[in-house]
Each structure stands twice: as C-alpha cells, then as structure tokens.
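**Student:** Next up is a structure, given as structure tokens.
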Ligand code: SF4
C-alpha cells in the first residue's frame, strides 16, 4: 500500500477522496466505494499499489484498439476494484471486490515494466477492471514504461476527475473508453455513476491528443433503443470527431443481468449501419462478424485491415495510408 494522491483531511478523522466524481467521505479504517482506497490513521492509502490481480499478454485488438499498432502484443494488467457498479459487469469477480479480499502476489513497478519488455510487448494496457482507481500504481508504471520505449494504454470507464486525468495524460498513448449509454438515467440506475463526468473525460483525452477509441456495449432492452444509439453516435461524431473508431460490442448474460438474452446480430448490424452513416470507422465486437471487424478505407471502400476475431489476416496500410493514398486515422508503425 502507498499513500494516495488527491484527497484531503476532514473533521472527525475522516478523509475525502478527490480522485473520482464520487468524492467519497471515508471514516478511519474504511474504504471508499471502489474498495481499494482506505483511510488508515487519518490518511488515504492506495491498497492496490504493487498488487495486481491479473496479468496477461493480449493482442491489442482485445482492448479493443483497432487503429493503434495493429497486431502488436500488449502486456495487460488489472487490479481489484472499480468505482462503478454495473449490473452487466463481465469481470465482476475481480472488479466488485476490494484488494483485501484477494491473496495477491507482489508485482513491483520495475518488474511489470521488465516483464513487458522481455515479452516483446509494444505497450502496457491497464485493463480488466477500472485501472484509474489504482492511480498511484499505474502512473508509476506508465512513467517507467515510457522511459523504456513502451506505450501506455488505458481501458477505462472514464469516471475520474479532470485534475488527476490531466496529469495522467502526460503518459497515456492510447485509450479505449467505455461509453455505456448516452443517458444519465442509465448510468445512475445500472452503473451507480453519472454520464457527464465520462463525457468530460472523453473531451479531455481528445484535447490532450491521446489516441482514442470508444466502446458501447449493447445490452438488449437497456440501451438498444434506436434513438439512444443515434444520440451516442452523434455525440461522438460532433465532440470527438468522425475519425474516432467506435466499437459496438455484444453483451453476454452475466452477473445481475444473467436473465437477459445475448445481443442479437440484428441489433449489432443495425448499430453498425447507423454508425457508418456518421462515422468513418465503426466496428462490432464480441460476436463473430467478419465484415464488422475489418477496417475499410473511407475513400475507395477497400478493406485495408482484414481481421478475424483478434487476429490480423492482412494489413495493407503503408505508413498509415491506403493504397489509394487516403490517410487512415490511427497510430501506426
Ligand atoms: S476513487 Fe474510490 S475512494 Fe476515491 S472517490 Fe472514487 S470511489 Fe471514492
């Protein structure tokens, strides 16, 4: 555990955490909503520091990032805890528990970076749960990773305050942000969060020129109304730009929504079609759909990157350009 950043002391030996928009007021001996930031002796500590719960080497396509060093490997690391309470969480076994509920193996900052370099990874991804609640650990890994020539990728819900995010932006190279729905009611009811701070984070990442892709998980009957989908596409197009890749992802029954059906191909294909009317790069994921996984040149219509699941079948891009000369937005070799 390490002394946390972004908090203040308040009366009665309580502390207030200022890392995310929950602004938890935490009594001595207790944790905030994310279960990984604890008031110990009237000081806030980050319990996850040096203790991840999951590490893997993943294809970057799994994040998903489709326009960021395609075909590269990313050393992926996840810590316990999350500041949202999504009914549909696919990683609830680690995200909805605090660090104190796990028996974790120490993985020091220096060793994480060393392992990523040794395993031939291009980047480190902070993923699986909500990485930003493990702020102190990830920022130190990011700083060292940069020095060693690695890229940093966050896969996040974007529910963080602007000040800490701004500081983190100095070290982030790529981000996939989960925009759950274009509805504050959805965020409040299904996730225990709010929409506005997520939109602010997206704008901030864009402003700081971080390579950004957006994912929207389509949950049947919850956020699949055509008007809602259009609203989300329009917001992304107007605020982040038409070049931002948008991933519509299929839902599988899990956690508190085990009673629902998986997202149908029809819903995903409809979203893909609506998305393509406004945006240049739209994808469908979590379902086998060869067409919805490919990157298509917006000028000549050729497939420039052919994918099958997380695998690249071919990549025709030359210095980020299609053979017709059109520049494809992204971060390429
Ligand atoms: S980061 Fe955790 S402790 Fe801090 S305000 Fe958010 S939920 Fe509360």
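The values are calculated or read from the model by the stated rules, or taken from the named source; none is laboratory data. As the structure is a prediction and not an experimental result, all values here were calculated from the model. All Cβ positions, glycine included, derive from the backbone under ideal geometry; neighbour counts span all protein chains shown.
**Student:** Go through the stretch 97-115 residue by residue and tally those that are more than 19 Å from residue 135 (Cβ to Cβ) and either at pLDDT below 95 or in contact with a helix residue (DSSP H, G or I) (Cβ under 8 Å, 6 or more places away or on another chain) (or both).
**Tutor:** Residues meeting the conditions: 3.
**Student:** Just checking, does the stretch 6-26 include any residue being without any contact (Cβ under 8 Å) to a residue 40 or more places away in the chain, farther than 14 Å from residue 133 by Cβ, part of a loop (DSSP other than H, G, I, E, B) and within 12 Å of the ligand (Cβ to nearest atom)?
**Tutor:** Within the stretch 6-26, not a single residue is without any contact (Cβ under 8 Å) to a residue 40 or more places away in the chain, farther than 14 Å from residue 133 by Cβ, part of a loop (DSSP other than H, G, I, E, B) and within 12 Å of the ligand (Cβ to nearest atom).
**Student:** While we're here: Keeping to the stretch 113-126, report how many residues are closer than 28 Å to residue 18 by Cα and either surrounded by fewer than 22 Cβ atoms within 10 Å (Cβ to Cβ) or within 16 Å of the ligand (Cβ to nearest atom) (or both).
**Tutor:** 1
**Student:** Still on this model: Is it true that some residue in the stretch 236-252 is surrounded by fewer than 17 Cβ atoms within 10 Å (Cβ to Cβ) and touching a strand residue (DSSP E or B) at 6+ places or on another chain (Cβ under 8 Å)?
**Tutor:** Checked against the condition, which is being surrounded by fewer than 17 Cβ atoms within 10 Å (Cβ to Cβ) and touching a strand residue (DSSP E or B) at 6+ places or on another chain (Cβ under 8 Å), the stretch 236-252 yields no hits at all.
**Student:** Now a separate question. Check whether at least one residue in the stretch 309-327 is on the phi < 0 side of the Ramachandran plot, touching a helix residue (DSSP H, G or I) at 6+ places or on another chain (Cβ under 7 Å), part of a helix (DSSP H, G or I) and surrounded by 15 or more Cβ atoms within 10 Å (Cβ to Cβ), and report yes or no.
**Tutor:** At the first step, the residues of the stretch 309-327 found to be on the phi < 0 side of the Ramachandran plot are 310-318, 321-324, 326-327.
Adding the requirement that they be touching a helix residue (DSSP H, G or I) at 6+ places or on another chain (Cβ under 7 Å) leaves 310.
Narrowing further to those that are part of a helix (DSSP H, G or I): none.
The answer is no; no qualifying residue exists.
**Student:** All but one of (1) without any contact (Cβ under 8 Å) to a residue 12 or more places away in the chain; (2) in the same structural domain as residue 152 (by TED's automatic domain parsing) hold for residue 318, so report the exception by its number.
**Tutor:** Going through (1) without any contact (Cβ under 8 Å) to a residue 12 or more places away in the chain; (2) in the same structural domain as residue 152 (by TED's automatic domain parsing) one by one, residue 318 breaks only (2).
**Student:** Any residue in the stretch 127-140 that's over 13 Å from residue 164 (Cα atoms) and within 13 Å of the ligand (Cβ to nearest atom): show its pairings with residues that are at pLDDT below 95 and assigned to a helix (DSSP H, G or I) at Cβ separation under 6 Å, as long as the two are six or more apart or on different chains.
**Tutor:** Final answer for the pair search is 129/94; 129/95.
**Student:** Of the residues 196, 266, 230, which is within 23 Å of residue 296 (Cα to Cα), assigned to a helix (DSSP H, G or I) and either in contact with a helix residue (DSSP H, G or I) (Cβ under 9 Å, 6 or more places away or on another chain) or in contact (Cβ under 8 Å) with a residue 12 or more places away in the chain (or both)?
**Tutor:** Testing whether each residue is within 23 Å of residue 296 (Cα to Cα), assigned to a helix (DSSP H, G or I) and either in contact with a helix residue (DSSP H, G or I) (Cβ under 9 Å, 6 or more places away or on another chain) or in contact (Cβ under 8 Å) with a residue 12 or more places away in the chain (or both) leaves just 230.
**Student:** Further question: Condition check: touching a strand residue (DSSP E or B) at 6+ places or on another chain (Cβ under 6 Å), under 25 Å from residue 215 (Cα atoms), more than 16 Å from the ligand (Cβ to nearest atom) and in the same structural domain as residue 210 (by TED's automatic domain parsing). Does residue 64 satisfy that? Talk me through it step by step, then tell me what you get.
**Tutor:** Values: touching a strand residue (DSSP E or B) at 6+ places or on another chain (Cβ under 6 Å): yes; under 25 Å from residue 215 (Cα atoms): yes; more than 16 Å from the ligand (Cβ to nearest atom): yes; in the same structural domain as residue 210 (by TED's automatic domain parsing): yes.
So residue 64 passes the test.
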